[in-house]
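First the structure, in the form of structure tokens, and then the observations on it.
The values are calculated or read from the model by the stated rules, or taken from the named source; none is laboratory data. The shown structure was predicted, so the numbers you read here are calculated from the model rather than taken from an experiment. All Cβ positions, even for glycine, are placed from backbone atoms using ideal geometry, and neighbour counts span all protein chains on display. These area figures cover heavy atoms from the full protein model, side chains too; ligands, DNA and RNA do not enter into them. Shrake-Rupley method; radii C 1.70, N 1.55, O 1.52, S 1.80 Å.
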Amino acid sequence: MTWLELAAYDAKARFLEMALLAGYRLDPEKIGVQVLAAPHKQTSLPPGTMALYSFWLGQQACKVGIASPNDDARFRHHHYSPNSCGSSLARSVRNAPQRIGLKAPPTDSRAWLERQLSRINFILPAAWGQPVLKLFEAFLHARWRPAYEGRAWKGFEDALPAPDLEPCACPGAQRAAFAGRRGGAPSRCSGAGA
């Protein structure tokens, strides 16, 4: 299992725990996880669903966002063009390339994003509604601290300590990741191969 897959399944399991604390009993089997390693191709948002998506450069989250039910254009296209409506990752990279270690913005945003970045997508039933979608988005912003965090997080990025995102390399870590896949919470390994 790759680091990105571990990060995705760990986030799903931890979000399910947090959602339960907020009063949402969600079926883990209904949360689809797509890990698209770089270079990646965009996928379509299935009808009747909504999504959380994230873009990654190596182990750095660049952007976390949501696509409302049936908003395939937002899910699939908007972030790849600096001229699309609303906020887009391409525009953020063009305006502040140094945030992800670039000296200058890419000349062809779409090609660069597809070639260099990975994606993690979480597909949820639209029937769960916007409160669940926005709760998951806020959780991922706090957990992953994306380089381009959006308006709601300006000023908070330096106030909070960075979370521990380093996956454990011992044999127990893979079992924990698969426990998360089944909906159980992956335990943090003590390093002893739990």
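Tabulated data
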{"item": "Two-site label geometry, residue 41 and residue 24: point separation in nm, points 7 Å out along Cα→Cβ", "result": "3.1 nm"}
{"item": "For residue 115, net neighbour charge (Lys/Arg +1, Asp/Glu -1) across residues whose Cβ lies under 12 Å away", "result": "0"}
{"item": "Ellipsoid equivalent to the range 1-62 - semi-axes via the Cα gyration tensor, in Å", "result": "22, 16, 10"}
{"item": "DSSP-assigned coil residues among trypsin sites (Lys or Arg not before Pro) in the range 39-84, each with at most 11 further Cβ atoms within 10 Å", "result": "41"}
{"item": "Area accessible to solvent at residue 107, 1.4 Å probe radius, in Å²", "result": "150 Å²"}
{"item": "Table column - 3J(HN,Hα) (Hz), the range 135-140, Karplus curve with 6.51, -1.76, 1.60, x for Gly and Pro", "result": "5, 5, 4, 4, 4, 5"}
{"item": "Computed label-point distance, nm, for sites residue 17 and residue 95 using a 7 Å Cα→Cβ extension", "result": "3.5 nm"}
